[in-house]
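Down below is the structure, laid out as structure tokens.
The values are calculated or read from the model by the stated rules, or taken from the named source; none is laboratory data. Please read these numbers as outputs of a predicted model, since none were measured by experiment. Here Cβ is always computed from backbone atoms with ideal geometry, including for glycine, and neighbour counts include all displayed protein chains.
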Amino acid sequence: MASKSQSCSIWVGSETGILKGVSLSKQQAFNFCEMSCLSRDQEVCVLEWGDPLESEVLVGCANGTVKAFSTEKGIFTESKECGDATQGKFTGLAMMDGSLVTCAESGILKVWKEGCTDTIEINVGNGVCRMRQNPSRRSQVATGGKENPLKVWDLERPDKAIFTAKNVKNDWLDLRVPVWVRDIGFIPDSDKIVTCTGYHQMRVYDPSSPQRRPVLEAEFGEYPLTALSLPASQGTVVVGNTHGQLAVLDLRKGLVRGCLKGLAGGVRGLQCHPTLPLVASCGLDRFLRVHSLEDRSLLHKVYLKSRLNCVLLSSRNLELSGADLSGEVEEVKQEGEEDGETDEVWDAMETVTDKTNKRATEKAAEENAVKGPKKRRKVAKK
Amino acid sequence: AKADSVEEEAAFPPNFSVSEIKNKQRRHFMFMKLKQEKRKRKLELKKKRKKEREALGDKAPPKEVPKTIENQRIYDETTVNPEDEEVAFDEGTDEFSSYFNRLTNPKVLITTSDRPRGRTVRFCEQLSTAVPDSHVYYRRGLALKRVIPQCISRGFTFLIVINEDRKVPNGMVLCHLPNGPTAHFKVSSVRLRKEMKRRGKDPTEHSPEVILNNFTTRLGHSIGRMFAALFPHDPQFIGRQVATFHNQRDFIFFRFHRYIFKNEKKVGIQELGPRFTLKLRSLQKGTFDSKYGEYEWVHKRHEMDSSRRKFHL
């Protein structure tokens, strides 16, 4: 289990409460769940890295507990009660200087310090859909939700928000435009914040500019946008909606650069790799997909049997070079460990990479991605 | 020279095809002749092969199985393995668990789109005789989002809305009520009772048995459970009625029969009740909310229908 968890480069949380690790190099997916007792109230709502070295994954569950999972050891190391089910599900989790920041749907944002029992508590308003931490300034968090505009908070001065977004002007019928912020992203190397809404709009705000209204607004599709992610290359943003449409939008003009095909169900989690042009998406159709952002082709598709809620990518290189990649999939079935870990069935993956091709550059991946889906998959079925 | 040419058999020049003859009658005649020749040759080949097979007797190679689209179906990785614990847990705690744990009984509300015309109205009535404990209500132009909370308060578990287009039913929204998934189907080939040949008398009030065929993938399982939850738990075998949902190539065929065992091996069946085919268009999590709801599965024609051998249910 330790070796398995160390090889996993993508972590996915499901509705059944199981934390799944996917290792693209080994072409396997593993379930890491505690004590074989699954229940729906352990549904994973948020996943976040516990530390910058990515050795710990923080799992926020629907019943209010936050569990820490160590990727080195492959087990859950601790569990913390951070609220209860009455406050709603977790909408965001962050680590700041050793203290844990949690935000629930009811708007209660709490900072839990290590060892102390006192917490800083901020009420950010009801109906929160998302809380995100600024990766460059770790003490800033942004929250937004249904009829809850984007607010940026500095946790060192928790009494008032640093920036509260103003709603756009009334529309052409002079009606108030409703607000529903579904996901937030901080644009690196600048102050700007991009949000996607349930009314299929994508908005960019600039707190350093005097205007509190969005600097840029773009629309995509007709369905609520549920997830957003910023790729390593500047100037674009990837959004997903409830219909399973993933699109790459341009941040300069607000136009659609392209769509990523393949998803059949609503997108719940989206994350771009910090350095490579890859994006991982998971959703209600029970598949984890990795697309390449350069040619918008599907690189990997993994069937993970439950509906997936959130995805977390590690910053290390996801795919190792061709030598240890093979089309064959092996069965790994192990007995449950004494501490209650059970490694369960891996999944057959639709592999696209070529066995013989030593060039593990994007070109190889591209050319194989085109041929890949047409190949007959070799599946060792039990 | 003339004698020579007459002596040779009148032969067509090579590279000649029947379609080059300009005269329609002669062309037709030549084509018929060509087809007959082909058939004759095929029969001869068949006879020869049969003789060879009989001659070999036991050593004959096994008969080849003809390829069908169902045989050649691309293996779907979401096919449910019966021993899979995770899927079993998922199904055990999903929205239908209250039905399958016998905590609730189904109660179905059948309605249509606004101002239904003859065929649809009769279809709804016949459907309500096939599904026990179902009630048909006239849709007085009411919004579904307002109908649903009222249904929940009155204890309904299912809402069926038959959509009508040009006096013919063409769509069905099947919504599981407390908070359950909503499936949207395309309905085609609707046959009402009087259009069916050799049908039996009208269905009785007994609960029918339910047969769900060929729902193999995870999505298929969800839809199959949805259909199963429409009918009461315990079928009354006295009624000898059976409702079948047969999935083939992503089309779901609904049939309603009455059976009788003539002896231990022979069964006679009479078809009663309406007959229709369904094709799943989308499965949405939560009750009906086409704009803001999250979809678990949406049929995307250009991506999903590119291969003739790939099916999703």
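Between B:GLU271, B:GLU296, which is touching a Leu at 6+ places or on another chain (Cβ under 6 Å) and either farther than 26 Å from A:LEU288 by Cβ or within 12 Å of chain A (Cβ to nearest Cβ) (or both)?
B:GLU296 is the lone residue from the list that is touching a Leu at 6+ places or on another chain (Cβ under 6 Å) and either farther than 26 Å from A:LEU288 by Cβ or within 12 Å of chain A (Cβ to nearest Cβ) (or both).
Counting residues in the stretch B:242-262 that are in a loop (DSSP other than H, G, I, E, B), touching a Lys or Arg at 6+ places or on another chain (Cβ under 9 Å) and not β-branched (Val, Ile, Thr) gives one or more.
Taking the stretch A:261-292 as the range and being surrounded by fewer than 22 Cβ atoms within 10 Å (Cβ to Cβ), more than 18 Å from A:GLU48 (Cβ to Cβ) and touching a residue at least 40 places away in the same chain (Cβ under 8 Å) as the test, the residues that pass are A:THR275, A:LEU276, A:PRO277, A:SER292.
A single entry from A:VAL141, A:VAL124, A:VAL111, A:VAL152 fulfils the requirement of being buried (at least 17 other Cβ atoms within 10 Å of the Cβ), over 15 Å from A:CYS45 (Cα atoms), of a type in the set (A, V, I, L, M, F, W, C) and without any contact (Cβ under 8 Å) to a residue 40 or more places away in the chain: A:VAL124.
Go through the stretch A:211-249 and give me each residue that's within 14 Å of another protein chain (Cβ to nearest Cβ) and not in a strand (DSSP E or B). Reasoning before the result, please.
If we filter the stretch A:211-249 for residues that are within 14 Å of another protein chain (Cβ to nearest Cβ), which is where we start, we get A:221-227, A:240-246.
Passing the criteria: A:GLY221, A:GLU222, A:TYR223, A:PRO224, A:THR242, A:HIS243, A:GLY244, A:GLN245.
For B:ILE252, state whether it is touching a residue at least 24 places away in the same chain (Cβ under 8 Å) and closer than 30 Å to B:ARG199 by Cα. Against the criterion (touching a residue at least 24 places away in the same chain (Cβ under 8 Å) and closer than 30 Å to B:ARG199 by Cα), B:ILE252 qualifies.
Listed residues B:LEU280, B:LEU230, B:LEU272; which is out of contact with any Pro (no Cβ under 9 Å at 6 or more places or on another chain), surrounded by 21 or more Cβ atoms within 10 Å (Cβ to Cβ) and touching a residue at least 60 places away in the same chain (Cβ under 8 Å)? Steps first, answer last, please.
Working: B:LEU230 fails: out of contact with any Pro (no Cβ under 9 Å at 6 or more places or on another chain); B:LEU272 fails: out of contact with any Pro (no Cβ under 9 Å at 6 or more places or on another chain).
Just one listed residue meets the conditions, B:LEU280.
Can you give me the number of residues within the stretch B:63-79 that are more than 14 Å from every other protein chain (Cβ to nearest Cβ) and either closer than 19 Å to A:LYS305 by Cα or surrounded by 10 or more Cβ atoms within 10 Å (Cβ to Cβ) (or both)? Of the residues in that region, 2 qualify. Scan the stretch A:250-277 residue by residue and report those that are within 14 Å of chain B (Cβ to nearest Cβ) and assigned to a loop (DSSP other than H, G, I, E, B). Correct list: A:LYS261, A:GLY262, A:LEU263, A:ALA264, A:GLY265, A:GLY266. Quickly run through the stretch B:216-241 and pick out the residues that are in a loop (DSSP other than H, G, I, E, B), within 23 Å of B:GLU271 (Cβ to Cβ) and not charged (D, E, K, R). Residues satisfying the conditions are B:LEU230, B:PHE231, B:PRO232, B:PRO235, B:GLN236. Any residue at all in the stretch B:289-310 that's at pLDDT below 90 and touching a strand residue (DSSP E or B) at 6+ places or on another chain (Cβ under 6 Å)? No, the stretch B:289-310 contains no residue that is at pLDDT below 90 and touching a strand residue (DSSP E or B) at 6+ places or on another chain (Cβ under 6 Å). Is it fair to say B:LEU103 is over 28 Å from the mean Cα position of the chain (by Cα), under 23 Å from B:PRO208 (Cα atoms) and modelled with pLDDT under 95? Answer is yes for this residue. Within the stretch A:69-87, the set of residues being surrounded by fewer than 18 Cβ atoms within 10 Å (Cβ to Cβ), more than 18 Å from A:ASP118 (Cα to Cα) and among the small types (Gly, Ala, Ser) comprises A:SER70, A:ALA85.
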